[in-house]
Amino acid sequence: MSLSRQWQKLDRWLSQVAVTGFLKPRNLHYACALSGPIAGGFFISCFIASGFLPPMRPWWSAERSLEHYQAHLTGMHVGSALMMFAGAFFIPFYCVVADQMQRMPNMPWILPQLQLASGTASTIGFFLPGMQLAVAAFRRDREPALLELANDSFWIFAIMPFSSFFPLCWSWAYAILLDTREKPLYPKYMAIGNFIVPFMFLWSAAIHATHSGPFAWNGGFGFWTPLGVFGLLFVGDTYFLLKAIQKDFAEEDTSGILCNSIRSEAPKNEP
């Protein structure tokens, strides 16, 4: 068999693979929807691997922080990579949300674009702390004062970049409210959740101004409440996304079967 025919055979095989099995377009939508919980899992796993759950105390001395880093150095190397992967999986999740918004009738063009832009901007909250943790754990013999600065930067980078969550969640909430069909794909209380949850991050705006108490980076309002409520929102949004994707493709399959049936029953023109 000639080389050109081998390439043609490989090309046909690859074209077939792209539309069958796990690579079917519908499975891509499911994978993007599941990327949200995967991103959240990587985010939490970073803290677990680095020994940051419960979080380090902001009032620790530089020497005490250095001891913690030296004791969890390998885990922090792993954790920095996990945080970076969390940002990578965050992108397809909000791309599929934007796609779902475009499927709604009479949807303003700007809402899916706002979703994509703010979702992309939100990855800063993963990439910056991931790189900062890598820098902090890069040298075992770092001076305590420099390590303390790197550690402070990690915690502030990991918690404070929340402002992009407002347009991210509010555009999704507004799109859900605009869906006035008799049987909308998403319940209206989902819009309420996406509207309220970003406010839970406002308490984190004070983590750079206090070393202790509920508004510190290890406090109930500064860390645990935003983490918990956004995690619940992630799970809820993913559940309804998966249901909507399933319904979308079921309707497309039904429409395709109906069209094929109509074509097969149509009278053929006589020659």
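Can you tell me which residue is nearest to Thr225 (Cα to Cα) among those in segment 190-209 that are β-branched (Val, Ile, Thr) and touching a residue at least 24 places away in the same chain (Cβ under 8 Å)?
Checking each candidate, the answer is Val197.
When you scan segment 132-147, do you find a residue that is of a type in the set (Phe, Trp, Tyr) and closer than 27 Å to Gly220 by Cβ, even just one?
No - not one qualifying residue is present in segment 132-147.
For segment 135-174, name all the residues that are charged (D, E, K, R) and buried (at least 16 other Cβ atoms within 10 Å of the Cβ).
Answer for segment 135-174, where residues must be charged (D, E, K, R) and buried (at least 16 other Cβ atoms within 10 Å of the Cβ): Arg142, Glu148, Asp152.
Results for (1) part of a loop (DSSP other than H, G, I, E, B); (2) more than 22 Å from Met107 (Cβ to Cβ), shown as yes or no for each residue.
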| residue | (1), (2) |
| --- | --- |
| Ser163 | yes, yes |
| Ser171 | no, no |
| Ala175 | no, no |
| Leu202 | no, yes |
| Phe215 | yes, yes |
| Pro226 | no, yes |
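I'd like to check something: does segment 116-128 contain any residue that is farther than 20 Å from Cys32 by Cα, free of Cβ contacts under 8 Å to residues at least 60 places away in the same chain and of a type in the set (Phe, Trp, Tyr)?
Among the residues of segment 116-128, not one is farther than 20 Å from Cys32 by Cα, free of Cβ contacts under 8 Å to residues at least 60 places away in the same chain and of a type in the set (Phe, Trp, Tyr), which makes the answer no.
If a residue must be surrounded by fewer than 19 Cβ atoms within 10 Å (Cβ to Cβ) and in contact (Cβ under 8 Å) with a residue 60 or more places away in the chain, how many such residues does segment 62-94 contain?
Count: 5.
What residue, among those in segment 175-202 that are buried (at least 18 other Cβ atoms within 10 Å of the Cβ) and of a type in the set (Phe, Trp, Tyr), is nearest to Gln246 (Cα to Cα)?
Result: Tyr186.
Scan the helices (runs of 4 or more DSSP H) fully inside segment 45-159 and keep the ones with 3 or more residues being closer than 30 Å to Trp170 by Cβ and either β-branched (Val, Ile, Thr) or touching a Leu at 6+ places or on another chain (Cβ under 8 Å) (or both).
Because the criterion is at least 3 residues that are closer than 30 Å to Trp170 by Cβ and either β-branched (Val, Ile, Thr) or touching a Leu at 6+ places or on another chain (Cβ under 8 Å) (or both), the helices (runs of 4 or more DSSP H) in segment 45-159 that meet it are 73-103, 110-122, 144-159.
Restricting to segment 194-228, and then to whatever is of a type in the set (Ser, Thr, Tyr) and within 29 Å of Leu177 (Cα to Cα), can you tell me which residue is modelled with the lowest pLDDT?
It comes out as Ser204.
Output the residues belonging to segment 49-102 that are in contact with a helix residue (DSSP H, G or I) (Cβ under 8 Å, 6 or more places away or on another chain), more than 16 Å from Phe127 (Cα to Cα) and aliphatic (A, V, I, L, M).
Across segment 49-102, the qualifying residues are Ala49, Leu53, Met56, Ala62, Leu66, Val96, Val97, Ala98, Met101.
The values are calculated or read from the model by the stated rules, or taken from the named source; none is laboratory data. Since the model is a prediction, treat every value here as computed from it, not as a measurement. In this analysis, Cβ positions are derived from the backbone assuming ideal geometry, glycine residues included, and neighbour counts consider all displayed protein chains.
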